[in-house]
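Structure first, then comments.
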Amino acid sequence: MDSNYVVLSVTLIIWVGLFFYLFSLDRKVKKLEEKNES
Amino acid sequence: MNMWWKIIIFLGMSAVIVSAFLTASPMRAANSLGPADVYRIFYFHVPQAWVASLAFVLSMIYSIRFLKTRNMEYDTKALTANKLGVMFAIVAMVTGSIFAKMTWGEFWNWSEIREVSVFILLLIYGGYFALRSAIADPDTRANLSAVISIIFAVAALFLIFVLPRIYSVFSQHPSDSIIDKSGQITMGPTVRMIFFSSLIMFTALFFWIYNLSIRVARLTANKLLENK
């Protein structure tokens, strides 16, 4: 059961990292789009 | 995509990951090859393969639209869908390979039809990208790759869903882990709940990445036009 927690935490860390990468990319793209329109 | 969607995807996928590892394994120890805990990868491996096939179908739809309208926007959408489809197919192949090592004993075996079929799938899409980069004229490139996307999407669905079932003699891969031959869902209530949540979350995540990739492609195209 212990190793389940290890895999769980590794998977969660990867997911949180991926999510915040996508989130910040989304904000940057939005800024560029606004700049392009003006 | 607005803020709420992102929060739902974040919480939903986190809940899927946590419950995939903290509930009982989807496979009973008596029936499992290797440790039953390994079967938890099923919650991620199957949605990844599903998203890959969804992407190839999406590319086919946009390619048909492109051929009808000759609007270059659809060419970008079809190309992006194919890129993401290949990405998810690679991810599904890697998780499948890990799963194979733990249950069948080897990461890769050329007599396993599933592994051969995903290899062929990646090869033909490699051909798609090679073709795209070999044609300089944008109109010719878009026309040819639209036709090829339509053919390849059919081939992809055949390689993913049909071929391993026809040659099931050469496959240890289960084909009844979601629905059995009579069309009934084979999972228990908890497993079903986590599995379908995972399917929905992976699909939502795919559309988020897809939306972002298209916007980046659009910005890049605008920049290239400005520089000319």
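We did not get these values from a lab; they are worked out from the coordinates using the rules stated. Note that this is a predicted model, so its numbers are computed, not measured. With ideal geometry, Cβ positions are generated from the backbone for all residues, glycine too; neighbour counts draw on all protein chains shown.
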> What number of residues within the range A:17-38 are within 8 Å of chain B (Cβ to nearest Cβ) and closer than 18 Å to B:Ala204 by Cα?
Replying inline: 5
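Just checking, does the range B:161-184 include any residue being out of contact with any helix residue (DSSP H, G or I) (no Cβ under 6 Å at 6 or more places or on another chain) and buried (at least 18 other Cβ atoms within 10 Å of the Cβ)? Steps first, answer last, please.
If we filter the range B:161-184 for residues that are out of contact with any helix residue (DSSP H, G or I) (no Cβ under 6 Å at 6 or more places or on another chain), which is where we start, we get B:161-162, B:165-166, B:168-169, B:172, B:174, B:176-184.
Then keep just the ones that are buried (at least 18 other Cβ atoms within 10 Å of the Cβ); that gives none.
No - not one qualifying residue is present in the range B:161-184.
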> Only one of B:Glu106, B:Glu73 is over 20 Å from A:Ser9 (Cα atoms), part of a loop (DSSP other than H, G, I, E, B) and among the acidic types (Asp, Glu); which?
Replying inline: B:Glu106
> Only one residue in B:Met13, B:Met72, B:Met3 is surrounded by fewer than 14 Cβ atoms within 10 Å (Cβ to Cβ), farther than 26 Å from B:Arg114 by Cα and touching a helix residue (DSSP H, G or I) at 6+ places or on another chain (Cβ under 9 Å), so which one is that?
Replying inline: B:Met72
>> So if I check each of B:Ser117, B:Ser111, which one is loosely packed, with under 13 Cβ neighbours inside 10 Å and small (Gly, Ala, Ser)?
In response: B:Ser111
>> What's the number of the only condition in (1) touching a Leu at 6+ places or on another chain (Cβ under 9 Å); (2) part of a helix (DSSP H, G or I) that B:Val154 fails to meet?
In response: (1)
> Here are some conditions: (1) touching an Asp or Glu at 6+ places or on another chain (Cβ under 8 Å); (2) assigned to a helix (DSSP H, G or I); (3) touching a residue at least 60 places away in the same chain (Cβ under 8 Å). B:Gln172 meets all but one. Which one does it not meet?
Replying inline: (2)
> If you check every pair at least six apart or on different chains, which have Cβ atoms under 9 Å apart with a residue in the range A:1-12 that is facing chain B (nearest Cβ under 9 Å) first and a residue that is of a type in the set (D, E, K, R) and in a helix (DSSP H, G or I) second?
Replying inline: A:Met1/B:Asp37; A:Ser3/B:Asp37; A:Asn4/B:Asp37; A:Asn4/B:Arg40; A:Val7/B:Asp37; A:Val7/B:Arg40
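Restricting attention to the range B:42-58, which residues are within 14 Å of chain A (Cβ to nearest Cβ) and in contact (Cβ under 8 Å) with a residue 60 or more places away in the chain?
Narrowing the range B:42-58 to residues within 14 Å of chain A (Cβ to nearest Cβ): B:42-45, B:47-48.
B:Phe42, B:Tyr43, B:Phe44, B:Pro47, B:Gln48 - these are the residues of the range B:42-58 that are within 14 Å of chain A (Cβ to nearest Cβ) and in contact (Cβ under 8 Å) with a residue 60 or more places away in the chain.
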> Which residues, counting only those in the range B:10-30, are over 25 Å from B:Ile160 (Cα atoms) and in a loop (DSSP other than H, G, I, E, B)?
Replying inline: B:Thr23, B:Ala24, B:Ser25, B:Arg28, B:Ala29, B:Ala30
> Of the numbered conditions (1) under 21 Å from the mean Cα position of the chain (by Cα); (2) free of Cβ contacts under 8 Å to residues at least 40 places away in the same chain, B:Asn211 satisfies every one except a single condition; which is it?
Replying inline: (2)
> Can you tell which of B:Phe207, B:Phe195 is within 14 Å of chain A (Cβ to nearest Cβ) and either on the phi < 0 side of the Ramachandran plot or not in a helix (DSSP H, G or I) (or both)?
Replying inline: B:Phe207
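Hey, can you tell me all the residues within the range B:17-34 that are hydrophobic (A, V, I, L, M, F, W, C) and under 22 Å from B:Thr103 (Cβ atoms)?
Those that are hydrophobic (A, V, I, L, M, F, W, C) and under 22 Å from B:Thr103 (Cβ atoms): B:Ile17, B:Ala20, B:Phe21, B:Leu22, B:Ala24, B:Met27, B:Ala29, B:Ala30, B:Leu33.
Consider B:Ala20 carefully, then state whether it is closer than 19 Å to B:Asp176 by Cβ, within 14 Å of chain A (Cβ to nearest Cβ) and surrounded by 15 or more Cβ atoms within 10 Å (Cβ to Cβ). Let's see the steps before the verdict.
Numbers: closer than 19 Å to B:Asp176 by Cβ: no; within 14 Å of chain A (Cβ to nearest Cβ): yes; surrounded by 15 or more Cβ atoms within 10 Å (Cβ to Cβ): yes.
Considered against the rule, which asks whether it is closer than 19 Å to B:Asp176 by Cβ, within 14 Å of chain A (Cβ to nearest Cβ) and surrounded by 15 or more Cβ atoms within 10 Å (Cβ to Cβ), B:Ala20 comes out as no.
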>> If I filter the range B:189-209 for residues that are over 30 Å from B:Tyr74 (Cα atoms) and surrounded by fewer than 12 Cβ atoms within 10 Å (Cβ to Cβ), do I get at least one hit?
In response: yes
